[in-house]
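Since the structure comes first, as structure tokens, the remarks are kept for the end.
The values are calculated or read from the model by the stated rules, or taken from the named source; none is laboratory data. Here the structure is a predicted model, which means the values were calculated and not measured. Note that each Cβ is placed from the backbone with ideal geometry, even for glycine, and that neighbours are counted across all protein chains shown.
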Amino acid sequence: MGELVVRGGTILTMSPGWDVVAGDLHVVDGRITQVGGQAVPAGRDYEILDAEGAVVLPGFVQSHLHTCQTLARGRADDLPLLDWLRRVVWPYEAALSEADVAASARLAFAELLAGGTTALQDMGTVRHTRAIFQVAHEAGIRLTAGKAMMDTGAGVPAGLLERTQASLDESAALAAEFHDQAGGRLRYAFAPRFVLSCTEELLRRTAHEARRLGCRVHTHASENRDELEAVRTQRGDDNVAYLHGVGMLGSDVGLAHCVWLTDKERDLLRDSGTHLLHCPSSNLKLASGLAPVPELLDAGVAVSLGADGAPCNNNLDAFVEMRLCALIHRPRCGAGALPARQVVRMATWGGARALGLEAKIGSLEPGKRADLVVVDVSGPHVAPTESPYSALVYACRSSDVRHVVVDGATVVRDGALLTLDAARAAADGRERARRIFSRL
Ligand SMILES: [Zn+2]
């Protein structure tokens, strides 16, 4: 892999001390060796990435995505959650071939990498999740993923419904194949879809199995009021309280959304160290509501960001999620809620922590793996902002991303994606989406 020097930027380290330093960042064999000052390469064969007029920061880590849904972008607009799932998203997922899942993931990774997202946690689909790992490997992105688990549920199409044991067996087989592979870049997380699609037996056994294998658990909870009512009726408890009862809260668990929480459930999240995966665009577009993020952060709950899926967003853009996260809580909590610096931390270090990778990525410090993004802050829509945090959250766009490095390898250079053919991925995606939706 060799040596890499990111030359002459403003480096937001996102370290515990919030250090911002000028100068170079030096990487040797994928590991950061120097942050700031002037880097002198030891060998003759090294790569230089120009960061003049740019901010260098840890790559964005999106903790909740569905890359299998990218081909349904623009096909499920203007519906609330349960209709959105039953009328479009589940029939779509049930119709996907392995090649479709690969194409959907390829398009997602092209968008994510070009926009500075270097790592993600993905909820795969029930079948063909192997393809997502394979495409992530070729794309050079850092992926934590698991197949969606669904062994019950109203409106679940036959193509997605699985037997409890089969769901556990396939999850374990995928974990054996992909967990901690590609030098740790690929990791497995068990992904029971949500309470309404999972029997209690599946949830209890999944929590046990994931811990036995050292994998994380990734699911959805309390996104929508109708979902919440259905959980109460079926399981006799509030959603997060019920998950607690089946052993599915903990510092190794990420819950997407958590819009509707009782006071008791807020305490359960905090006391268990469970991660809240906040998806501002999705919560707004599906009219689900707004998770009480400022209050949860004040209470000590770990919060990170994700774009969710293309059909409920419709982008997978970390800049959009940061901007919305900073803005949407203000009418309720005031203009000082969630300042830009805190939002950048949620989108980088916070995401790494949600994936259990904060010792490895999420800040730019010597010894950590080099997952980083270089963002141009000289454009007319950004200049002359002085604070780099303000620039990133309120003014920059994903098109300002200049370079992206994952695990020491350059995947975007001068705005050009090197590992995937983005135009071909878009054309292939369009063709496949047309075919899939003509059959539905
Ligand atoms: Zn989701």
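Does residue 143 meet the test of being of a type in the set (A, V, I, L, M), buried (at least 24 other Cβ atoms within 10 Å of the Cβ) and under 19 Å from residue 58 (Cβ atoms)? Against the criterion (of a type in the set (A, V, I, L, M), buried (at least 24 other Cβ atoms within 10 Å of the Cβ) and under 19 Å from residue 58 (Cβ atoms)), residue 143 qualifies.
Of all residues in the range 123-142, those that are on the phi > 0 side of the Ramachandran plot have Cβ atoms under 7 Å from Cβ atoms of residues that are at pLDDT 95 or above, 6 or more apart or on another chain, in 128/96; 128/98; 128/101; 140/406; 140/409; 140/411; 140/419. Figure legend. Inter-residue proximity from the range 164-182: first residues touching a residue at least 12 places away in the same chain (Cβ under 8 Å) and farther than 24 Å from residue 197 by Cα, second residues in a helix (DSSP H, G or I) and of a type in the set (A, V, I, L, M, F, W, C), beta-carbon distance below 6 Å, spacing 6+ or different chains. Indicated pairs: 178/133.
In summary, helices (runs of 4 or more DSSP H) completely within the range 272-378 and bearing 1 or more residues that are more than 16 Å from the ligand (Cβ to nearest atom), over 18 Å from residue 142 (Cβ atoms) and in contact (Cβ under 8 Å) with a residue 60 or more places away in the chain occur at 318-328, 340-345. If you go through the range 15-27 and keep only what is surrounded by fewer than 24 Cβ atoms within 10 Å (Cβ to Cβ), in contact with a strand residue (DSSP E or B) (Cβ under 8 Å, 6 or more places away or on another chain) and in contact (Cβ under 8 Å) with a residue 60 or more places away in the chain, you end up with just 20.
Can residue 407 be described as of a type in the set (D, E, K, R) and over 18 Å from residue 59 (Cα atoms)? Can you show your working first?
Values: of a type in the set (D, E, K, R): yes; over 18 Å from residue 59 (Cα atoms): no.
Here the answer is no, as residue 407 does not meet what is asked.
Go through the range 390-399 and give me each residue that's surrounded by 21 or more Cβ atoms within 10 Å (Cβ to Cβ) and under 20 Å from the mean Cα position of the chain (by Cα). 392, 393, 396 - these are the residues of the range 390-399 that are surrounded by 21 or more Cβ atoms within 10 Å (Cβ to Cβ) and under 20 Å from the mean Cα position of the chain (by Cα).
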